[in-house]
1. Residue under question is Val94, and the condition is that it be surrounded by fewer than 16 Cβ atoms within 10 Å (Cβ to Cβ), of a type in the set (A, V, I, L, M) and at pLDDT 65 or above; does it hold?
2. Of the conditions (1) under 18 Å from Pro126 (Cβ atoms); (2) outside any strand (DSSP E or B); (3) of a type in the set (D, E, K, R), Glu90 satisfies every one except a single condition; which number is it?
3. Mind checking which residues of region 29-80 are in a strand (DSSP E or B) and touching a helix residue (DSSP H, G or I) at 6+ places or on another chain (Cβ under 9 Å)?
4. Using beta carbons and a limit of 8 Å, which pairs, at least six apart or on different chains, have the first residue in region 62-81 and surrounded by 19 or more Cβ atoms within 10 Å (Cβ to Cβ) and the second one at pLDDT 95 or above and outside any strand (DSSP E or B)?
5. How many residues does region 81-101 hold that are more than 13 Å from the chain's Cα centre (by Cα) and hydroxyl-bearing (Ser, Thr, Tyr)?
Amino acid sequence: MASIGTIMLRVYTSRAQLPVLGATVAVTQKSGGGRHTLLAVRTTDENGRIAPVRVATPDPAASESPGTPTPFASCDVWVEAPGYEMLYLENMQVFPNTETLQEVDLTPLPEQAPPASRGETVNVTPQEL
């Protein structure tokens, strides 16, 4: 039986650690063939936080012996806000019955920056289990 884990994000400006209000956060899972399944879209509040996103995770009992599937689900997260570089978090791990809090620091764009597809990709490496 699958379990549920939750994702929480706190988005802030990297220079001053101030919360970013109104950032758009999209949470997806890879579904094969280079495609993604959209799980949720959230907007940050005045504290830079989003409402929790529930994610189906593997049953914890299924990973208790060697050679079994990983004990977590992987998600990808896109974060963007006007005036900041977009950030893409790849392979964020979500464990069963656990709330995962991810701190996200957005880099302000230079004042004269063109509205281009500037951004950063962060690959979250799996934990040693």
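The values are calculated or read from the model by the stated rules, or taken from the named source; none is laboratory data. All figures in this text were calculated on a predicted structure; none of them were measured in a lab. For neighbour counting, all protein chains shown are included, and Cβ atoms are generated from backbone atoms with ideal geometry for every residue, glycine included.
1. Values: surrounded by fewer than 16 Cβ atoms within 10 Å (Cβ to Cβ): no; of a type in the set (A, V, I, L, M): yes; at pLDDT 65 or above: yes.
Spelling it out, it is not the case that Val94 is surrounded by fewer than 16 Cβ atoms within 10 Å (Cβ to Cβ), of a type in the set (A, V, I, L, M) and at pLDDT 65 or above.
2. (2)
3. First, the residues of region 29-80 that are in a strand (DSSP E or B): 29-32, 35-43, 49, 53-57, 73-80.
None - no residue of region 29-80 is in a strand (DSSP E or B) and touching a helix residue (DSSP H, G or I) at 6+ places or on another chain (Cβ under 9 Å), so the list stays empty.
4. Going by the 8 Å Cβ cut-off, the qualifying pairs are Val79/Ala23; Ala81/Val20; Ala81/Gly22; Ala81/Ala23; Ala81/Thr44.
5. Residues flagged as more than 13 Å from the chain's Cα centre (by Cα) and hydroxyl-bearing (Ser, Thr, Tyr) within region 81-101 amount to 2.
For (1) on the phi > 0 side of the Ramachandran plot; (2) in contact with a strand residue (DSSP E or B) (Cβ under 8 Å, 6 or more places away or on another chain), each residue gets a yes or a no:
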site: Ala26; (1), (2): no, yes
site: Gly33; (1), (2): yes, no
site: Pro66; (1), (2): no, no
site: Pro69; (1), (2): no, no
site: Phe95; (1), (2): no, yes
site: Pro110; (1), (2): no, no
